[in-house]
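One structure, as structure tokens, below. Some questions next.
The values are calculated or read from the model by the stated rules, or taken from the named source; none is laboratory data. This is a predicted model, so every value here is computed, not measured. No Cβ is skipped: glycine too gets one built from the backbone with ideal geometry, and neighbour counts run over all protein chains shown. Each accessible area value is taken on the protein alone, full model and side chains, heavy atoms only, with ligands, DNA and RNA left out. Shrake-Rupley method; radii C 1.70, N 1.55, O 1.52, S 1.80 Å.
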Amino acid sequence: METTIHIERSADVLESREQGRQLARAMGFNRVDQTRIATAISEMTRNVLQHSRSTGQIRMEKVTRGLQSGLCIEVTDTGCGISDLQQAEKEGFSTASSLGAGIPGTRRIMDEFHIESEPGKGVSVTMIRWLPVVLAS
């Protein structure tokens with residue numbers, strides 16, 4: 001269960017969001033987690049279009065770790081990168097006159113979140129939402 005979408009225009013954000021929701025549903029995520037996943041996808045793919053000055057891609061796949069299954073989402077671009085990653089991760093910081101909820105907000109709603117950036121070489125975000133582990137009694 002894997003899908004890759006190239007991010008070049010706003011319609012790709014919507015397609016990514018819908019594909020992520022469908023994967024989450026197929027994996028057994030509840031509606032609240034499906035919405036969290038779709039929101040995280042929207043935030044990070046919009047960042048590609050708004051900030052990178054290039055195109056990017058999103059790759060989504062089912063992952064497992066021990067008894068856990070989850071949805072891993074990787075969003076990458078080869079744009080200008082983030083000059084001050086520490087600043088970009090602060091609540092309320094924005095370079096686009098927005099609420100600044102993108103990176104910190106996405107970090108909050110996903111179980112795992114990792115971002116790498118090098119100025120002039122783009123951004124790579126990897127995030128995972130884990131399904132709750134149900135143990136037999």
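Tell me, which residue of the range 112-137 that is assigned to a loop (DSSP other than H, G, I, E, B), over 19 Å from residue 76 (Cα atoms) and at pLDDT 85 or above is least open to solvent (accessible area, probe 1.4 Å)? Quick ask: steps written out before the conclusion?
Quick first cut of the range 112-137, residues assigned to a loop (DSSP other than H, G, I, E, B) only: 119-121, 131-137.
Okay, now just the ones that are also over 19 Å from residue 76 (Cα atoms), so 131-137.
From the residues that got through so far, the ones that are at pLDDT 85 or above too are 131-132.
On the way: 131: 32, 132: 96 Å².
Result: 131.
List every residue pair whose Cβ atoms lie under 7 Å apart, where the two residues are 6 or more positions apart in sequence or sit on different chains, the first residue falls within the range 49-69 and is without any contact (Cβ under 8 Å) to a residue 40 or more places away in the chain, and the second residue, located anywhere, is open to solvent by less than 30 Å² (accessible area, probe 1.4 Å).
Every condition considered, the pairs that remain are 53/79.
How many residues are crowded, with 17+ Cβ neighbours inside 10 Å, at pLDDT below 85 and part of a helix (DSSP H, G or I) if we restrict to the range 65-111?
Summing the residues that are crowded, with 17+ Cβ neighbours inside 10 Å, at pLDDT below 85 and part of a helix (DSSP H, G or I) in the range 65-111 gives 2.
Further, regarding this structure: Residues to consider are 61, 18; find the one that is over 14 Å from residue 111 (Cα atoms), open to solvent by 60 Å² or more (accessible area, probe 1.4 Å) and not polar (S, T, N, Q). Spell out how you get there, then give the answer.
On the way: 61 fails: open to solvent by 60 Å² or more (accessible area, probe 1.4 Å).
The match here is 18.
Considering only residues that are open to solvent by 10 Å² or more (accessible area, probe 1.4 Å), out of contact with any Asp or Glu (no Cβ under 6 Å at 6 or more places or on another chain) and among the polar types (S, T, N, Q), look in the range 21-58 and name the one that is farthest from residue 110 (Cα to Cα).
Taking the candidates together, the pick is 50.
Here are some residues: 21, 46, 17. Which one is assigned to a helix (DSSP H, G or I) and at pLDDT below 95?
46
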